[in-house]
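Peer 1: After the structure tokens below, expect a handful of questions from me.
Every number here is computed from the coordinates shown, using simple stated rules; none is lab data. Being a predicted model, the structure only gives us computed values, none of them experimental. Neighbour counts are summed over all protein chains in view; Cβ atoms, including those assigned to glycine, are modelled from backbone coordinates with ideal geometry.
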Amino acid sequence: MIPGPFSYYRPATVADAVKLLSTLGDEARPLAGGHSLVPMMKLRLASPEHLVDLHGIAGLKGIHRDGNTIVIGAMTTQHELLASDEIGKSLPIMDETALLIADPQVRYRGTIGGNVANGDPGNDMPALMMTLGATYRLEGASGAREVAAHEFYQGAYFTALEPGELLTAISIPVPAAGHGYAYEKLKRKVGDYATAAAAVVLTMAGGKVATCKIGLTNLSETPLLAEDAAKAVIGTSLDPATLKQAAAAAEAIMSPAADARGPVEYRKHVGGIMVMRALQRAAGRAG
Amino acid sequence: MAKTHVTMKVNGAEVEGLVEPRTLLVHFIRENLSLTGTHIGCETTHCGACTVDIDGMSVKSCTMFAVQAQGSDITTIEGVANADGSLSALQEGFRMMHGLQCGFCTPGMILRAHRLLKENPSPTEEEIRMGISGNICRCTGYQNIVKAIQYAAAKINGVEFREAAE
């Protein structure tokens with residue numbers, strides 16, 4: 001399989017990339033790791049006339065800590081996240097999630113920016129970014145703006161990105177010391193998208209849940225924040241009745257597609273189970 | 001479509017060629033360089049048969065354009081043997097442990113295992129299995145591939161390989 005013809009650009013700065021994207025118009029696409037876009041191009045489900053490869057832009061790489069915020073350049077790969085001491089120390093849930101994405105080869109190329117910006121409901125990082133309260137930096141011809149992850153996703157493959165805009169960095173507030181975390185993903189095989197997945201970040205005080213955020217992957221057209229489910233566990237010790245209540249509250253907002261991963265009822269059911277497992281595992285890790 | 005001139009290092013030799021932007025790296029390797037040991041399996045980034053080593057990373061060469069490899073240092077199966085032509089530890093492991101049947105997945109398996117052992121010279125069985133989870137084999141059931149990689153790890157570390165009891 002060979003993609004349709006396109007012209008190739010490799011800018012060295014974000015400013016040049018943004019200029020190219022706005023000049024070339026609708027038929028131009030930015031190319032990050034390419035592990036979603038290139039297979040789509042080979043199947044001729046995508047035929048951009050122009051590809052703007054972001055690999056030449058050194059400023060889009062890297063992970064650094066700025067006070068209580070971790071800033072990750074959009075072209076940082078999943079492999080680089082896994083190799084980062086800073087991520088391992090401050091955001092261990094990102095390591096747990098990255099390890100469940102695709103396979104080793106794909107993680108060497110696949111980027112955090114591509115994963116969150118593509119708007120694919122099957123991608124794992126978007127729900128995690130919502131759970132962690134991340135913000136995305138979007139840069140376009142008219143300047144830069146910050147958009148909260150929970151306001152970014154509008155539908156399958158529809159996001160807050162305007163034509164010609166590029167997602168350049170992700171800022172994540174460092175969770176409280178001693179927080180508990182878990183990303184539970186049910187998938188049919190290594191490399192598959194989630195049948196259902198849940199991210200949990202919580203803190204405990206005196207054996208009871210003090211704060212809690214729950215995110216859901218591939219259970220709707222967009223990633224979801226399960227706010228009622230999170231509220232249901234605050235002040236509890238996650239007894240079986242509370243866990244069931246949280247699962248039910250999460251299931252109430254799920255609207256997964258029926259596909260090869262199962263019918264709607266099944267995917268909602270296992271979605272609830274992922275929420276319960278993630279809550280329990282997160283609580284067990286909280287200090 | 002205008003062609004672009006690319007240069008890169010493949011198995012230690014400087015190579016060049018004219019490619020369309022849409023030329024996939026695997027096609028450049030097989031057709032321009034006539035290095036047909038790198039196989040094309042699924043063409044959809046699942047099977048790993050086309051895995052090569054690029055600048056210290058295992059990459060599925062069907063999912064990258066040749067123009068993106070400009071200036072890279074690439075190793076394919078043709079470049080893994082020892083300098084004197086003898087089999088590398090991994091090649092020897094696949095031979096001794098019968099780590100292949102039809103052999104189609106083997107170049108990708110060996111290139112992936114090559115990088116895995118560089119990053120983790122003493123992997124556990126679990127780490128080997130996760131490490132090759134992007135490479136599909138339809139013959140062996142993976143048992144002997146795992147043993148082949150364990151054999152190579154032992155050889156590289158200078159210890160005697162002992163097969164775990166079945």
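Peer 1: Return the sequence-ordered ³J(HN,Hα) values of segment B:44-61 in whole Hz as given by the Karplus equation 6.51 cos²θ - 1.76 cosθ + 1.60 applied to θ = phi - 60°, using x for Gly and Pro.
Peer 2: The phi angles translate into 10, 6, 9, 8, x, 4, 8, 4, 10, 9, 10, 6, x, 10, 7, 10, 7, 6 Hz.
Peer 1: Excluding same-chain residues fewer than 8 positions from A:LYS268, which lysines have a Cα within less than 23 Å of its Cα?
Peer 2: Within reach: A:LYS185, A:LYS187, A:LYS189, A:LYS213, A:LYS231, A:LYS244.
Peer 1: Another question about this same structure. Assuming a ≥ b ≥ c are the square roots of the Cα gyration tensor eigenvalues, decide whether segment B:19-77 counts as rounded (a/c under 1.5), prolate (otherwise, with a/b larger than b/c) or oblate.
Peer 2: rounded
Peer 1: Remind me, what semi-axes does segment A:7-53 give for its equivalent ellipsoid, largest first in whole Å, using sqrt of 5 times each Cα gyration tensor eigenvalue?
Peer 2: On the way: eigenvalues 75, 27, 9 Å².
In descending order, the three semi-axes are 19, 12, 7 Å.
Peer 1: What is the extension gain from A:LYS89 to A:ALA177, computed as 0.36 nm multiplied by their sequence separation minus the C-alpha to C-alpha distance, in nm to one decimal?
Peer 2: Details: separation 88, 0.36 × 88 = 31.68 nm, distance 1.01 nm.
Taking 0.36 nm per residue and subtracting the Cα distance, the gain is 30.7 nm.
Peer 1: For segment A:62-173, what ratio Rg/Rh do Cα atoms give with a Kirkwood hydrodynamic radius?
Peer 2: Numbers: Rg = 13.1 Å, Rh = 14.0 Å.
Ratio of gyration radius to Kirkwood radius: 0.94.
Peer 1: Determine by what factor the alpha-carbon radius of gyration of chain B differs from 2.2 N^0.38 Å, reporting the quotient. Don't jump to the answer; show the numbers that get you there.
Peer 2: Details: Rg = 16.2 Å, N = 166, 2.2 N^0.38 = 15.3 Å.
Dividing the Cα radius of gyration by 2.2 N^0.38 Å gives 1.05.
Peer 1: Let me know the Kirkwood hydrodynamic radius for the protein assembly as shown, please, with Cα pairs as the basis and the value in Å to one decimal.
Peer 2: Details: mean 1/r = 0.0430 Å⁻¹.
Here the Kirkwood hydrodynamic radius works out to 23.3 Å.
Peer 1: Whole Å is fine, so just give me how far the alpha carbon centre of segment A:1-72 lies from that of segment A:232-271.
Peer 2: 36
Peer 1: Apply the Karplus parameterisation 6.51 cos²θ - 1.76 cosθ + 1.60, with θ equal to phi minus 60°, to every residue of segment A:221-230 and state each ³J(HN,Hα) to the nearest whole Hz, in sequence, with x for glycine and proline.
Peer 2: Each residue's phi maps through the Karplus curve to give 5, 10, x, 10, 9, 8, 6, 5, 5, 5 Hz.
Peer 1: Are there GluC sites (Glu not before Pro) in segment A:1-83 that DSSP puts in a loop and that have at most 16 other Cβ atoms within 10 Å, and which ones?
Peer 2: Details: sites: A:GLU27, A:GLU49, A:GLU80; in loops: A:GLU49.
Here the sparse-neighbourhood loop sites are A:GLU49.
Peer 1: Whole angstrom only: what separates the Cα centroid of segment B:2-58 from the Cα centroid of segment B:93-110?
Peer 2: Here the two parts' Cα centres lie 21 Å apart.
Peer 1: Okay, helix-only estimate at 222 nm for chain A: each DSSP H run of n ≥ 4 adds -39500 (n - 2.57), divide by all residues, round to 500 deg cm²/dmol; what do you get? Intermediate results must be reported in sequence, preceding the final value.
Peer 2: Details: 11 runs with 99 residues, N = 287.
It comes out at -9500 deg cm²/dmol, rounded to the nearest 500.
Peer 1: Output the relative contact order of segment A:191-284, whole-number percent, from Cα pairs under 8 angstrom with separation of 6+ residues.
Peer 2: 31
Peer 1: Another question, if that's okay. Can you tell me the relative contact order of chain A? Whole percent, Cα pairs under 8 Å, sequence separation 6 or more.
Peer 2: Numbers: 649 pairs, mean separation 44.7, N = 287.
Relative CO of chain A lands at 16 percent.
Peer 1: On to the next question. Quick one: longest stretch of chain A between exposed loop trypsin sites (Lys or Arg not before Pro), exposed meaning at most 13 other C-beta atoms within 10 Å and loop per DSSP?
Peer 2: Values: sites that count: A:ARG44, A:ARG188, A:LYS189.
Looking at chain A, A:45-187 is the longest stretch - no exposed trypsin sites (Lys or Arg not before Pro) with at most 13 other Cβ atoms within 10 Å.
Peer 1: What translational diffusion coefficient, in µm²/s and rounded to a whole number, does the Stokes-Einstein relation yield for segment A:109-166 at 25 °C and a viscosity of 0.890 mPa s, taking the hydrodynamic radius as the Kirkwood radius over Cα pairs?
Peer 2: Details: Rh = 11.6 Å.
The calculation lands on 212 µm²/s.
Peer 1: At most 15 other Cβ atoms within 10 Å and a DSSP loop assignment: could you name the trypsin sites (Lys or Arg not before Pro) in segment B:91-161 that fit?
Peer 2: For trypsin sites (Lys or Arg not before Pro) across segment B:91-161 that sit outside H, G, I, E and B with at most 15 neighbouring Cβ atoms in 10 Å, the list reads B:ARG138.
Peer 1: Could you tell me, in Å, what Rg and Dmax come out for the Cα atoms of segment A:1-126?
Peer 2: Taking only Cα atoms of segment A:1-126, I get Rg and Dmax of 15.3, 48 Å.
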